1. Once amide H atoms are placed 1.01 Å from N in the peptide plane, what residues at a sequence separation of 5 or more from L234, or on another chain, have their amide H within under 5 Å of its amide H?
2. Farthest toward the dipole's positive end in the chain, which of S349, A375, I554, given Cβ charges of +1 (Lys, Arg) and -1 (Asp, Glu) about the Cα centre?
3. Kindly express, to the nearest 10 degrees and within the range 0 to 90, the angle between helix 547-556's C-alpha long axis and the longest C-alpha principal axis of the chain.
4. Using 27 Å as the Cα-Cα cut-off, could you pick out the over-long pairs in K235/K332; K279/K416; K138/K316; K2/K41; K206/K237; K206/K288?
5. Ranked highest first by the average count of other Cβ atoms within 10 Å around their residues, in what order do 130-141, 77-88 fall?
6. Given only helices, namely DSSP H runs of n ≥ 4 each adding -39500 (n - 2.57), what is the per-residue ellipticity at 222 nm of the chain, to the nearest 500 deg cm²/dmol?
7. Computing the accessible area with a 1.4 Å probe over protein heavy atoms, can you report the carbon and sulfur percentage for the chain?
8. By how many degrees, between 0 and 90 and to the nearest 10, does the Cα long axis of helix 426-448 differ from the longest principal axis of the chain?
Amino acid sequence: MKKFFDFLFSMQFSGSLMLVFAAAIGTATFVENDLGTLAAKLLVYEAFWFELLLLLMSISMLGGIFKYKLYKRKKYTVLIFHISFVIILIGSAITRYGGFEGTMMIREGSSSNEIISESSYITVNIEHQGQSYQYDKKKLFSPYKSNSFDKEIIFGNQSCQLSLIDFVPNAAETIVEDPNGYPVISFVTVGKGNRQNVFLKLGEIKMIGNYIFSFENPNAEETHVQIKLEEGALKVKAPFSIGFTSMNDGTTTTLAAYEFHPLNVMKLYVIGGKQLVIKAFYPKAKTKLVTAPVDNPRGNYNSAVVMNLNYKGYDKEVVLFGGKGFLAEPAKTEINGTKFEIYYGSKMSDIPFSLYLKDFQLDRYPGSMSPSSFASEVTLIDERVGLREDRRIFMNNILNYDGYRFFQAQYDKDEKGTILSVNHDSWGTNVSYFGYFIMALGMVLNFLHKDSRFRQLMRASSKKVASIAIIIGFTTLGILSPETTQAQHNMPPQAFNPSNAIHPDHAKEFGKLLVLDQKGRIEPIHTLSSEILRKVTKKSEFLGLTSDQVFLGILSNPGAWQSIPMIKVSDNELKRLLGIKG
């Protein structure tokens, strides 16, 4: 056991975990670029193996503190680094399991205290013998992972089983004629600029817009828009008057409420503010779910989850349309007098205060329709404390109140509404920020403490740096002396011969000298000479010479090198002006 803990708390194991962590987040970057943020979350950031990796890193670092006695005074800077990293991981865990994310949508001139959750849920509402029950489970189905769901739901002294049959991403419903099928109505609804293709099967009850449509369902109520099949013809009845427009002469007729009227194919009806056209009626057909093309111009499809509901030995297949970021419509069914409403998608939650959108502002780049910036002028209203305060939310300017953080995310297409990203995670954020503060403190102390590794390296390299400065200084003085400069300028251009260049062994030793680059980083001259040669000539070698030979040759004999053409010119117009060929 001792060997196991020695290995678990060893620097080698911690280093290996760090390398795996770096590889994982690097891979997640490529996944996000190719497949999107959701795929990166599912495959890496929210995966069990990634959480296990972070847990092992925390345990290894905490154990290393005691194994290597980092609490001793001479090692306290390293101790701070270890503790800060663990604190940051703890803050991340609090955010992961205790935080809440969502979006708030507000139209100009209105207020909202409702947030649509970022996470998706399976929700089941049950009405049994006059009692109401609810089951709620956080769940996300995705094409990027293996999907499963099988849950026994207990309500009162009864239970039902809900199991996953199939998951169809970006789902669209289509009709397939089938001699063993059932009657299906295909129609199109248009309302408030939204066009929707709808299929209504025999015996089905479906929410369309703000109204419930039923097709030959025995449980249909007077408040439903009821469609029935009578001697092969469709008829419709609604709890309100129905507008009917003739396609031939454009005349409009009002059909009375609570009466059945003929429902004809390719005729325009106005039902509850929605325009409705029956595209086709199939006496025998089946609906089928297919994955729609992502680039479909009207491809704003939800995912579809096909579930099997088993209750008292009866099985009922239900299709749930919804998903991450969508407020799902319920799939309603009834078995043996017990009513079920099943949802898949995000939930609406209330917060204890509200935001009133006074004005949404959008600026564009001059001469373009591309947005340059957008902002929301809001009023923060908290009736609990009598607060009314004007705030402005825009990029990098967050509204932070009562543990909620509001970010400017998107806006409505008509530019009359705003979409805010909401985060509620005060504990996780504060713990993470504290960890970052401790880490920054450790970095500062690492520069100041006399026994830190940085100070030891500085002391060890100080003599070498001084030697380099002296060598370069004398070389520069020699190059810039009047006698040397005059002699070099009088030297003819043909005097330089690569065979007379600095010996490669001597140049190699020169390349090992350490210098400070323009950013203050210590590096060998070889690194500096290589960067300069590649920038000037676009080659790693020149005239068969290494970068160190060229660099030292220019320093020691600039007159011979100043007439050698070595600057790479790629622009054709510049070549023409300079008279360069090739």
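The values are calculated or read from the model by the stated rules, or taken from the named source; none is laboratory data. Note that the structure is predicted; figures quoted are calculated from it, not measured. Virtual Cβ from ideal backbone geometry, glycine too; neighbours counted across all protein chains shown. Side chains are part of the model used for accessible areas, which takes the heavy atoms of the whole protein and leaves out ligands, DNA and RNA. Shrake-Rupley method; radii C 1.70, N 1.55, O 1.52, S 1.80 Å.
1. L263
2. I554
3. 40 degrees
4. The pairs that break the limit, which is 27 Å between Cα atoms, are K279/K416; K2/K41.
5. Most protected by this proxy first, the peptides run 77-88, 130-141.
6. Computed mean residue ellipticity for the chain: -10000 deg cm²/dmol.
7. C and S atoms contribute 56 percent here.
8. The angle comes out near 0 degrees.
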